[in-house]
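Read the structure below first, then the notes.
The values are calculated or read from the model by the stated rules, or taken from the named source; none is laboratory data. Here the structure is a predicted model, which is why all the values come from computation and not from measurement. Cβ placement follows ideal geometry from the backbone for every residue including glycine, while neighbour counts extend to all protein chains displayed. Ligands, DNA and RNA are stripped out before the accessible areas are found, and what is left, the full protein with its side chains, is counted by its heavy atoms. Shrake-Rupley method; radii C 1.70, N 1.55, O 1.52, S 1.80 Å.
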Amino acid sequence: MGRRTIFTGTFVHTPTSNDLQILENAAVFVDENGKIVHIDENATSNTARLRHDLADWSGAELIYSHENEFFFPGFVDTHIHASQYPNAGIFGKSTLLDWLTTYTFPMEAALADKTRARDVYGRCIARTLANGTTTAAYYATRNVETTNLLADLCLKAGQRAFVGRMCMDQNSPKWYVDETPEASIAAAEESIAHCLKVDPERRLICPIITPRFAPTCSAKLLKGLGDLAERGKLPVQTHVCENEAEVKWVQELFPESTSYTGVYNTAGLLTERTILAHAIHLKKEEIQLIKEKNVKISHCPVSNLALTSGCAKVKALMQEGIKVGLGTDMSGGYSPSILESVRQATLVSNVVALTDGPGAKLSMAEALYLGTQGGAEVVGLGHKIGSFEVGKEWDAVLVTLGKVPEIPVEPEPEPVPEPMDTDESSESKETENGVLAEIEVNSIDEKKPAANGVNGSKDATVTNGVKATNGINGAKGPNASNGTKTATGTTDTGAEEEDAKPKIDDGIIDSAVDIFGWENWEEKVAKWVYNGDDRNTTAVWIAGREVYRQGGILVTWPIDATA
Ligand SMILES: [Zn+2]
């Protein structure tokens with residue numbers, strides 16, 4: 001079991017669509033099981049932060065966000081092909097059907113090699129975690145052994161994952177196809193059994209039935225997988241109406257069906273646990289069917305633009321009451337980042353608005369919702385993750401934005417040669433901008449929390465922010481936080497005011513998001529949405545466990561994945 005942790009500072013989330021909530025000076029109490037047990041939305045002082053049942057929370061770790069940092073719910077990628085990670089960015093001018101044969105089938109077939117699969121899957125998990133993806137609905141390959149390896153690796157890394165063995169028994173290369181529907185179903189069952197064995201309570205890993213898409217699946221296979229989903233009450237993921245040529249092909253292959261979506265319905269594959277990716281070229285009757293069956297949609301804007309598939313009318317689907325989340329669809333999509341999908345979702349909706357009117361536009365808040373709470377609902381975990389609420393699990397990202405250094409008002413005096421004497425006073429160090437000042441700041445901050453009354457919780461362990469603790473970026477350490485506290489009038493010691501003097505390099509990280517200091521929180525979030533990347537991900541937690549910190553993954557989930 002982990003330890004109790006109090007996260008404090010700024011929290012940003014979208015508990016409902018188009019509702020960007022920013023909680024400044026809040027505190028979220030996470031118990032040893034990774035559950036949020038209390039949220040103090042007005043923790044304006046350290047005393048207030050610990051107001052909640054002090055005795056019980058002594059010994060808890062305290063992690064706080066600094067000025068220009070915020071906690072955000074982990075992203076949910078509702079559609080990603082882990083096996084295609086090496087091809088991210090490689091798509092040329094292809095469209096879906098030639099992209100599959102040129103790039104995708106050969107890459108997936110090559111992952112029958114366990115060493116190669118370990119490398120590809122390991123890197124995919126590391127990269128998605130670095131981008132803040134705490135939950136992923138993964139497509140693997142036909143190969144059972146390495147699909148199972150993907151489940152093991154997700155478990156080991158602590159990433160929440162739906163792991164699907166790819167089922168396909170027709171219209172595929174001879175060297176990459178299931179021989180019969182029965183063989184395909186048996187292989188799917190084998191992989192399902194493995195997932196349920198390594199994580200019987202489905203705490204992190206859940207098997208997902210994965211017919212590739214209707215053209216590569218016989219009616220018999222689709223029906224068999226539908227039965228399997230019904231028997232095990234298991235989730236299903238597949239593709240629908242991605243590309244016009246594909247839709248036409250499905251009509252030819254399944255002439256008895258009136259629509260592409262109808263093919264899946266006939267097979268019993270449409271339930272509330274089904275995720276259909278793309279849904280660009282849907283007929284009206286298909287939208288009604290999706291709505292009736294409470295099927296979920298994975299919107300993959302990056303892929304849809306990259307493969308010239310089209311622009312899904314997401315806002316219209318949402319207005320129908322259909323639940324939508326975002327998918328990277330890597331490597332149809334070139335990026336493993338849901339943040340990239342968030343920004344592209346808004347841009348795709350702007351393109352739709354050119355023909356359908358401004359009502360088709362997704363706001364930034366709506367797109368962030370699709371990437372978190374919306375995605376959580378798509379994968380059936382809306383009650384467990386996706387926003388910060390009591391009773392949910394702590395799946396979160398600490399986002400750090402880069403602060404632009406203040407420009408000195410007065411011109412710099414003539415440069416003075418570096419003093420040779422290293423025994424200078426701490427006061428003179430503070431006036432400098434360099435490394436020495438940083439060291440001084442950190443050493444002061446080690447002592448500071450005692451003066452803040454945090455030690456009122458007896459033996460509460462105070463962590464001076466994740467980065468400072470880790471020593472990765474002491475420069476932007478607790479001092480920035482002090483500045484915030486002073487500004488909000490919560491400082492209760494004179495010593496803190498002394499510490500609060502701005503340092504030129506406070507909050508600077510190497511990132512594309514430059515914060516000048518005059519932005520409000522909504523503007524800061526917007527700058528992150530449109531310019532941010534994995535450099536802004538400082539740390540990631542899943543079910544309360546820290547699973548990523550910039551610079552390397554910490555494996556913290558104590559389950560033997562080698563079994
Ligand atoms: Zn896909």
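The table below gives the values:
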quantity: All positions within segment 343-376 that are in contact with a Cys (Cβ under 8 Å, 6 or more places away or on another chain) and open to solvent by 20 Å² or more (accessible area, probe 1.4 Å); calculated: V351
quantity: Of residues in segment 277-291 being within 16 Å of the ligand (Cβ to nearest atom) and without any contact (Cβ under 8 Å) to a residue 60 or more places away in the chain, the one nearest to the chain's Cα centre (by Cα); calculated: H278
quantity: Qualifying residue in segment 329-338 (condition: within 16 Å of the ligand (Cβ to nearest atom), of a type in the set (F, W, Y) and touching a residue at least 12 places away in the same chain (Cβ under 8 Å)); calculated: yes
quantity: Number of the condition not met by Q159 [criteria: (1) within 15 Å of the ligand (Cβ to nearest atom); (2) farther than 24 Å from T216 by Cβ]; calculated: (1)
quantity: Test result for T258, in contact with a Ser or Thr (Cβ under 7 Å, 6 or more places away or on another chain) and over 25 Å from T328 (Cα atoms); calculated: no
quantity: So N171, is it open to solvent by 10 Å² or more (accessible area, probe 1.4 Å) and at positive phi; calculated: yes
quantity: N294 being open to solvent by 10 Å² or more (accessible area, probe 1.4 Å) and either at pLDDT 95 or above or more than 13 Å from the ligand (Cβ to nearest atom) (or both); calculated: yes
quantity: Filter pass, T258 being within 16 Å of the ligand (Cβ to nearest atom), in contact with an Asp or Glu (Cβ under 8 Å, 6 or more places away or on another chain) and touching a residue at least 12 places away in the same chain (Cβ under 8 Å); calculated: no
quantity: Qualifying positions in segment 206-220 - touching a helix residue (DSSP H, G or I) at 6+ places or on another chain (Cβ under 6 Å) and crowded, with 24+ Cβ neighbours inside 10 Å; calculated: P207, I209, P211, A214
quantity: Residue match in segment 13-21 (condition: among the β-branched types (V, I, T), modelled with pLDDT of 85 or more, part of a strand (DSSP E or B) and not assigned by TED's automatic domain parsing to the domain that holds A367); calculated: no
quantity: Filtered residue count, segment 117-148, keeping only those that are open to solvent by 10 Å² or more (accessible area, probe 1.4 Å) and part of a helix (DSSP H, G or I); calculated: 10
quantity: Residue identified as open to solvent by 60 Å² or more (accessible area, probe 1.4 Å) and within 28 Å of E377 (Cα to Cα) among R165, R202; calculated: R202
quantity: Residue within segment 54-73 that is acidic (D, E) and within 16 Å of the ligand (Cβ to nearest atom) present; calculated: no
quantity: Single condition E230 does not satisfy, out of (1) within 16 Å of the ligand (Cβ to nearest atom); (2) of a type outside the set (S, T, N, Q); (3) on the phi < 0 side of the Ramachandran plot; calculated: (1)
quantity: Filter result (part of a loop (DSSP other than H, G, I, E, B) and more than 33 Å from the chain's Cα centre (by Cα)) within segment 158-190; calculated: Q170, N171, P173, K174, W175, E179, T180
quantity: Test: A279 is at positive phi and crowded, with 19+ Cβ neighbours inside 10 Å; calculated: yes
quantity: Search result, residues across segment 282-291 that are over 18 Å from L326 (Cα atoms) and open to solvent by less than 30 Å² (accessible area, probe 1.4 Å); calculated: E286, L289
quantity: Residues (within 16 Å of the ligand (Cβ to nearest atom) and open to solvent by 10 Å² or more (accessible area, probe 1.4 Å)) located in segment 310-327; calculated: G310
quantity: Test for H79: is it surrounded by 24 or more Cβ atoms within 10 Å (Cβ to Cβ), in the same structural domain as V540 (by TED's automatic domain parsing) and either within 15 Å of the ligand (Cβ to nearest atom) or not in a strand (DSSP E or B) (or both); calculated: no
quantity: Residues satisfying the stated conditions in segment 99-109, i.e. touching a helix residue (DSSP H, G or I) at 6+ places or on another chain (Cβ under 8 Å), of a type outside the set (S, T, Y) and open to solvent by less than 30 Å² (accessible area, probe 1.4 Å); calculated: E108
quantity: Within segment 221-261, tally of residues that are open to solvent by less than 10 Å² (accessible area, probe 1.4 Å) and either assigned to a helix (DSSP H, G or I) or farther than 18 Å from S184 by Cβ (or both); calculated: 13
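Condition check ((1) basic (K, R); (2) closer than 23 Å to A136 by Cβ; (3) within 16 Å of the ligand (Cβ to nearest atom)) across all residues:
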position: K223; (1), (2), (3): yes, no, no
position: Q251; (1), (2), (3): no, no, no
position: I275; (1), (2), (3): no, yes, yes
position: T308; (1), (2), (3): no, no, yes
